[in-house]
Each structure stands twice: as structure tokens, then as C-alpha cells.
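Peer 1: Please read through the structure below; I'll follow up with questions.
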Amino acid sequence: MKVVITVVGVDRTGIIAAVSQIMAEHKVNILTINQVILDGIFNMAMIVDMDPADIDLDTLQDLLKQKGEALGVEIRAQNQAIFDAMHRVG
Amino acid sequence: MLTIHDVLETNQMIQKNNLDVRTITMGISLLDCCASDGKTLCNNIYDKITRYGEHLVETGEAISREYGVPIINKRVSVTPISLVAGASDMKSYVDIARTLDKAAKTIGINFIGGFSALVERGMSKGDRILIDSIAESLAVTDLVCSSVAVGSTKAGINMDAVAEMGRVFKDLAERTKEQDALGCAKLVVFSNAVEDNPFMAGAFHGVTNGDSCISVGVSGPGVVKVALENVKGEPFDVVAETIKKTAFKITRVGQLVAMEASRRLDMPFGIIDLSLAPTPAVGDSVASILEEMGLESCGACGTTAALALLNDAVKKGGLMASSRVGGLSGAFIPVSEDKGMLEAVGRGSLSLEKLEAMTCVCSVGLDMIAIPGDTPASTISAIIADEAAIGMINNKTTAVRVIPVPGKGVGDNVEFGGLLGHCPIINVNKYKSDEFIARGGRIPAPMRSLTN
């Protein structure tokens, strides 16, 4: 399963490192990373492959939520299918 | 390739603009539950609903978590009970309503619809008993919703049933007066009822459906409103295109959720209902969309045209996004559930008459409108007749869900709570319709040519 991880919040050092560390610890493969500052807010979208992972999406969501709370940013992990459905035809 | 802007747009719709899947509704046929003994019938009904619906709520919650999109309601619709119970020896169907309520609570759903009768041409024994049981049934249950179809383009309007339903609304209001006649929010009277509507209070699982199916109702008035904020002052061609594109995106989410729910529950996919269903939340209002088009307040001259454009564009945009569209698809205008609508009523810009005009071009009808408690039953019947006539002549679904609040009059406010919102009491024409309603009989089906 492809999962999109988004981070939204105030920019600070170590956000991508912190998220990437969770991925590495649980064998989640990072496919792409994009980031953009919009209206002064840091936005990051990371597409990952959960197939090799040793945890399920529910657990990943919980881990990311805790990490987001520690960093003061909002982190979400969603099945990529919802974005493909909305933005791609065919 | 998905871009970060696509991802952020989707999440902004969900998190800031109230995009949600309003309901996953499981339709269940109860035809195979029929029994002559009332107790056996109730047991059969309870067993089938709890067996089929056992995993509905947890499945909805799991999908919601995985895709990050709220799924507000999980519901069940069943075969119109008048058909299921007609062969039984029961003299009242209140026990069936209690059974539906109990089954709904066991599986943890929000509402169960189908305490219904289809009487466009006349009433069978089961229809008669069901209609006589509605007021008590809705007063003693929490989650049961009821609907009665009194007319259609092909059948005309059953004015005996129309007269009866005015009395049922009054009786139900009186029985639930401690809660400001909340019972009436669970009852709707239809013209051209549809058999695959996933929305309450009018959902029922029509007999032309299979044994069961999963249907989904999408929503997202806030998303459309925000999209229109970006095309201020542009011509209507641009407005229509913008709504279409937005409706497409909203519907794709609904389609995804429906297919996933259908797969996980191992049940056929029914339909997607493309409705823009408002909630009392700020930024989730259909009235605000109309106002965004350039009207000072919903109800101003131009409101009907604005709603016509909106309703049509939502359908055009949503159609391609889904493999099967049905239900009531369009824009709902439930007054108490739409912050913009009730503000418009409060400031005197939106009247019952204007709402009636709007129902000619919106998806359904006069919905969640609080009226004075002293409104006679015959006047409520006459409101139903007017609305049924609009549906009959225009070949569309119309409905009436009005709430005559005992002890309250124009200027008072009622609070229903939750998704049902609150509402100022709206003025109803004081002149009598009692002799008109007392005639009974049928208004014949209209001709379909020379349509001027």
C-alpha cells in the first residue's frame, strides 16, 4: 500500500529527520519527498511504500501523531488512493 | 504524478472546508422475513439486520481512518415495512418499529430508515396499519425514520393519504412536544420517492433492489463555497464550471469510499448520492453558496436561479466521477440544518413561499422547517399537496418534512441539537385549506405533452 504522509506546521529543524527515522525503524520505504512553504506554513508530503513495513497503517498513524505532538506540527498518514481518486482520471 | 499541491488541496477540503462522506447506508431487503405471526416476524427482522449490519460501523470507521476522510453516519435502510408486515396478523406495527430501533442500537448505527409505505395509488391493509402506527412508533423509538410516498408523476396524488399525513404530523408533534416535536424530524412525505436514497429521514430499500447493497451519500457545501470565492465577479459559465469540477472531486472520494465499503463488507455497491447536504457548522451551508454567487441574503430575488444552476452543475460534475449515481442527488435545503438558511429566515429574507419555489429546482423539498404549533392538520396536508404537485408535474422528487412545534409561534426558536440544528418558526399562510383537503380522492396523473 502507498501512503501519503503530510506534515503541516511551523518550520523548524529536524522535522523530516524525525519522520524519516520512524520510517527507517519500521522498514517503511520512502519513495518521494516534497515540501513547500505556503503563507509561512511548512508543508511536507512524503509518499511511502508500506509493503515492506513491519507495522500496519493504524500503528504508523499513532506513531506519527505522537511525533507530531512532540514537534508541534500536524502529521497525517493516508492511503494514497484518496488523492489519486480526486486528482487523476483513468 | 501526484503533486504536493494536490495533496494539500484534498486535505484542506477535508480539514478546513468540511468535506466529508455524509453516510454509508446499507440497504437490506426484509422480504424474506415475512411471517404471519408477529413475534416471528420481529425476530426475523432483528436477526437479519444484526447479521448483515454487524460490521458496518467498524468498517466505516476503519475506512475513515485509512483515508483520512470523516464518515459521519452509518445507517441502514430496509424494505418498506408496510410490505413486509402486510402478511402478518399484527394490528399495529409499533413493535416492528421497536425491533428496528433495537437492531439499530445493537449494531451501533445512527439511524434506520424504512418504516415506510408507498401509497401513491391507494392503501393496502399493511399501508393503513403502518400509517396509523407512525406517530406512536416515532415517539417511542430513537433511531427509526419513516417515510410515506403519496404521489408520483405516473400515479398522480393520493389526496386521502395527503389528508392522513397532515394528521400524523400533528399527532407526532403532540406526542413529542417535550422535545419541541423532534419526532417530526424523523418523518418525511414524498412525491416521486426514490428506492435507493441513502439519506434520512427518507431512506428505504426499494423492492427493485437486490438482497442488500451499500450506498454512499457525499457532501461538501463548504468546498463548493470556497471554490466560488476564487471566481468572484466571473460570469455564470465560470461559476458552473467551477461547481462541476468541485463536485467531481467530492464525488470521487464518495466513489472510493463506496467501493471500499462494498468490498470489505462483501456486499454489492448500490449508488452514490451526489447531494450537497449542509450541516449547522459554520462553512457547511448551501445558502452560503447561493450568497457567494452575489445574493445579499438567501431568499432574495435570484435565489431560485442560483439554486437551479448549483443543483444542475453538481449533477453534471458528479456523474462522471461515479460508476452509478442515484438517490436524491442535488442540493438539499433543510432549513434547520443550514446556518445560512436559518439566518435568512431569521432576518426575514426567506419565506415558506420562497422555499417552495426553490424546491422546484433543488434536489428534494420543504425540509426541516419549523412551523407554528397551531397550524391545522389540513394546512399541513395542503403544504404536502402543493409540494407533491410540484414533484408530480416536474417529474422530480419532492418531499415535506415540517415540524409543527406545540406552543410555539412565529418569532420563537426551537433547538433540535446535533446535525438537526435549531430553527426559527416560519410563518404559514393563515387562510384555511380544510374544505380543499376534506375532498379526498385522487389528483389524476398529469399529461406529459403540451408542457407549457
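Peer 1: Please state which one of B:LYS91, B:LYS16 is of a type in the set (Lys, Arg), at pLDDT below 95 and surrounded by fewer than 23 Cβ atoms within 10 Å (Cβ to Cβ).
Peer 2: Working: B:LYS91 fails: at pLDDT below 95.
Of the residues listed, the single one that is of a type in the set (Lys, Arg), at pLDDT below 95 and surrounded by fewer than 23 Cβ atoms within 10 Å (Cβ to Cβ) is B:LYS16.
Peer 1: Taking the criterion of being buried (at least 24 other Cβ atoms within 10 Å of the Cβ), farther than 29 Å from B:ILE272 by Cβ and assigned by TED's automatic domain parsing to the domain that holds B:ALA87, would at least one residue in region B:182-197 satisfy it?
Peer 2: yes
Peer 1: For region B:8-23, indicate whether the set of residues that are closer than 23 Å to B:ASP196 by Cβ, in a helix (DSSP H, G or I) and either hydrophobic (A, V, I, L, M, F, W, C) or within 14 Å of chain A (Cβ to nearest Cβ) (or both) is non-empty.
Peer 2: no
Peer 1: Looking at region B:61-163, what strands (runs of 3 or more DSSP E) fall wholly within it and have at least 2 residues that are out of contact with any Cys (no Cβ under 7 Å at 6 or more places or on another chain) and over 30 Å from B:LEU256 (Cβ atoms)?
Peer 2: Values: elements: B:71-78, B:111-118, B:144-152, B:156-158.
Where strands (runs of 3 or more DSSP E) fall fully within region B:61-163 and carry at least 2 residues being out of contact with any Cys (no Cβ under 7 Å at 6 or more places or on another chain) and over 30 Å from B:LEU256 (Cβ atoms), they are B:111-118, B:144-152, B:156-158.
Peer 1: For region B:59-89, which residues satisfy the criterion of being out of contact with any strand residue (DSSP E or B) (no Cβ under 9 Å at 6 or more places or on another chain) and acidic (Asp, Glu)?
Peer 2: Across region B:59-89, the qualifying residue is only B:ASP89.
Peer 1: Separate question: What single numbered condition from (1) crowded, with 17+ Cβ neighbours inside 10 Å; (2) among the hydroxyl-bearing types (Ser, Thr, Tyr); (3) at pLDDT 95 or above fails to hold for B:SER336?
Peer 2: (3)
Yes or no, residue by residue, for (1) touching a strand residue (DSSP E or B) at 6+ places or on another chain (Cβ under 9 Å); (2) away from chain A (no Cβ under 14 Å):
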{"site": "B:CYS213", "(1), (2)": "yes, yes"}
{"site": "B:SER219", "(1), (2)": "yes, yes"}
{"site": "B:LEU228", "(1), (2)": "no, yes"}
{"site": "B:GLY233", "(1), (2)": "no, yes"}
{"site": "B:THR242", "(1), (2)": "no, yes"}
{"site": "B:THR246", "(1), (2)": "no, no"}
{"site": "B:VAL257", "(1), (2)": "yes, no"}
{"site": "B:SER262", "(1), (2)": "yes, yes"}
{"site": "B:LEU265", "(1), (2)": "yes, yes"}
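Peer 1: If I ask for residues that are part of a strand (DSSP E or B) and in contact with a helix residue (DSSP H, G or I) (Cβ under 6 Å, 6 or more places away or on another chain), which ones from region B:411-441 would you list?
Peer 2: Of all residues in region B:411-441, those part of a strand (DSSP E or B) come to B:413-415, B:422-424.
Across region B:411-441, the qualifying residues are B:CYS423, B:PRO424.
Peer 1: Right, next: Scan region A:48-60 for residues that are surrounded by 17 or more Cβ atoms within 10 Å (Cβ to Cβ) and more than 7 Å from chain B (Cβ to nearest Cβ) and jot them down. Quick ask: steps written out before the conclusion?
Peer 2: The initial filter retains those residues of region A:48-60 that are surrounded by 17 or more Cβ atoms within 10 Å (Cβ to Cβ), namely A:48, A:50, A:53, A:57, A:60.
Passing the criteria: A:VAL48, A:MET50, A:ALA53, A:LEU60.
Peer 1: Taking B:ILE250 as the residue in question, decide whether it is more than 30 Å from B:ASP32 (Cα to Cα) and not in a loop (DSSP other than H, G, I, E, B). Spell out the reasoning first.
Peer 2: Working: more than 30 Å from B:ASP32 (Cα to Cα): yes; not in a loop (DSSP other than H, G, I, E, B): yes.
In short, yes.
Peer 1: Could you check region A:1-24 and list, in sequence order, the residues that are within 14 Å of chain B (Cβ to nearest Cβ) and basic (Lys, Arg)? Give the derivation first.
Peer 2: Keep residues of region A:1-24 that are within 14 Å of chain B (Cβ to nearest Cβ), which gives A:1-9, A:16.
If the condition is that a residue be within 14 Å of chain B (Cβ to nearest Cβ) and basic (Lys, Arg), then A:LYS2 is the only one that fits.
Peer 1: With the checklist (1) touching a strand residue (DSSP E or B) at 6+ places or on another chain (Cβ under 6 Å); (2) surrounded by fewer than 24 Cβ atoms within 10 Å (Cβ to Cβ) in hand, flag the one item B:LEU342 doesn't pass.
Peer 2: (2)
Peer 1: Do you know which of the residues in region B:41-93 that are under 21 Å from B:PHE204 (Cβ atoms) and of a type in the set (Lys, Arg) is farthest from the other protein chains (Cβ to nearest Cβ)?
Peer 2: Out of the qualifying residues, it is B:LYS48.
Peer 1: Step by step: first the residues of region B:263-297, then only those that are of a type in the set (Val, Ile, Thr) and assigned to a helix (DSSP H, G or I), then the one that is farthest from B:GLU229 (Cα to Cα). Which residue is that?
Peer 2: Going through region B:263-297, the residues of a type in the set (Val, Ile, Thr) turn out to be B:271-272, B:279, B:282, B:286, B:289.
Remaining after also requiring assigned to a helix (DSSP H, G or I): B:286, B:289.
Numbers: B:VAL286: 14, B:ILE289: 9 Å.
Per the criteria, the residue is B:VAL286.
Peer 1: For A:ASP84, which of the numbered conditions (1) more than 7 Å from chain B (Cβ to nearest Cβ); (2) modelled with pLDDT of 95 or more; (3) more than 12 Å from A:THR6 (Cα to Cα) fails to hold?
Peer 2: (1)
Peer 1: What's the number of the only condition in (1) in contact (Cβ under 8 Å) with a residue 60 or more places away in the chain; (2) within 20 Å of B:PHE190 (Cα to Cα); (3) in contact with an Asp or Glu (Cβ under 6 Å, 6 or more places away or on another chain) that B:GLY421 fails to meet?
Peer 2: (2)
Peer 1: Give me a count of the residues in region B:212-241 that are more than 23 Å from B:ASP20 (Cα to Cα) and assigned to a helix (DSSP H, G or I).
Peer 2: Residues flagged as more than 23 Å from B:ASP20 (Cα to Cα) and assigned to a helix (DSSP H, G or I) within region B:212-241 amount to 3.
Peer 1: Also, quick follow-up: Within region B:217-246, track down each residue that is under 25 Å from B:ALA261 (Cα atoms) and loosely packed, with under 15 Cβ neighbours inside 10 Å. I'd like the intermediate steps shown before the answer.
Peer 2: The initial filter retains those residues of region B:217-246 that are under 25 Å from B:ALA261 (Cα atoms), namely B:217-223, B:245-246.
Passing the criteria: only B:LYS245.
Peer 1: Among (1) farther than 30 Å from B:ASN11 by Cα; (2) without any contact (Cβ under 8 Å) to a residue 40 or more places away in the chain; (3) among the basic types (Lys, Arg), there is one condition B:ARG65 misses while meeting the rest; what is its number?
Peer 2: Answer for B:ARG65: the failing condition is (1).
Peer 1: Condition (residue is under 13 Å from the mean Cα position of the chain (by Cα), farther than 27 Å from B:VAL257 by Cβ, within 14 Å of chain B (Cβ to nearest Cβ) and surrounded by 12 or more Cβ atoms within 10 Å (Cβ to Cβ)) applied to region A:33-41: is it met by at least one residue? Write out each step before concluding.
Peer 2: Here is the first cut: in region A:33-41, the ones under 13 Å from the mean Cα position of the chain (by Cα) are A:33-35.
Those left that are additionally farther than 27 Å from B:VAL257 by Cβ: A:33, A:35.
Then drop every residue that is not within 14 Å of chain B (Cβ to nearest Cβ), which leaves A:33, A:35.
Then drop every residue that is not surrounded by 12 or more Cβ atoms within 10 Å (Cβ to Cβ), which leaves A:33, A:35.
Taking every residue of region A:33-41 in turn, at least one turns out to be under 13 Å from the mean Cα position of the chain (by Cα), farther than 27 Å from B:VAL257 by Cβ, within 14 Å of chain B (Cβ to nearest Cβ) and surrounded by 12 or more Cβ atoms within 10 Å (Cβ to Cβ).
Peer 1: Please determine whether any residue of region B:394-406 is within 27 Å of B:ALA139 (Cβ to Cβ), assigned by TED's automatic domain parsing to the domain that holds B:SER275 and surrounded by fewer than 21 Cβ atoms within 10 Å (Cβ to Cβ). Explain how you work it out, then say what you get.
Peer 2: Going through region B:394-406, the residues within 27 Å of B:ALA139 (Cβ to Cβ) turn out to be B:397-406.
So of that shortlist, the ones also assigned by TED's automatic domain parsing to the domain that holds B:SER275 come out as B:397-406.
Narrowing further to those that are surrounded by fewer than 21 Cβ atoms within 10 Å (Cβ to Cβ): B:406.
Yes; the residues of region B:394-406 include at least one that is within 27 Å of B:ALA139 (Cβ to Cβ), assigned by TED's automatic domain parsing to the domain that holds B:SER275 and surrounded by fewer than 21 Cβ atoms within 10 Å (Cβ to Cβ).
Peer 1: Is it true that A:ASN29 is more than 10 Å from chain B (Cβ to nearest Cβ), out of contact with any Phe, Trp or Tyr (no Cβ under 6 Å at 6 or more places or on another chain) and among the polar types (S, T, N, Q)?
Peer 2: Details: more than 10 Å from chain B (Cβ to nearest Cβ): yes; out of contact with any Phe, Trp or Tyr (no Cβ under 6 Å at 6 or more places or on another chain): yes; among the polar types (S, T, N, Q): yes.
Taking the combined requirement at face value, the residue satisfies it.
The values are calculated or read from the model by the stated rules, or taken from the named source; none is laboratory data. These numbers were taken from a predicted model, which means no experiment stands behind them. Every residue, glycine among them, receives a Cβ derived from its backbone with ideal geometry; neighbour counts consider all protein chains shown.
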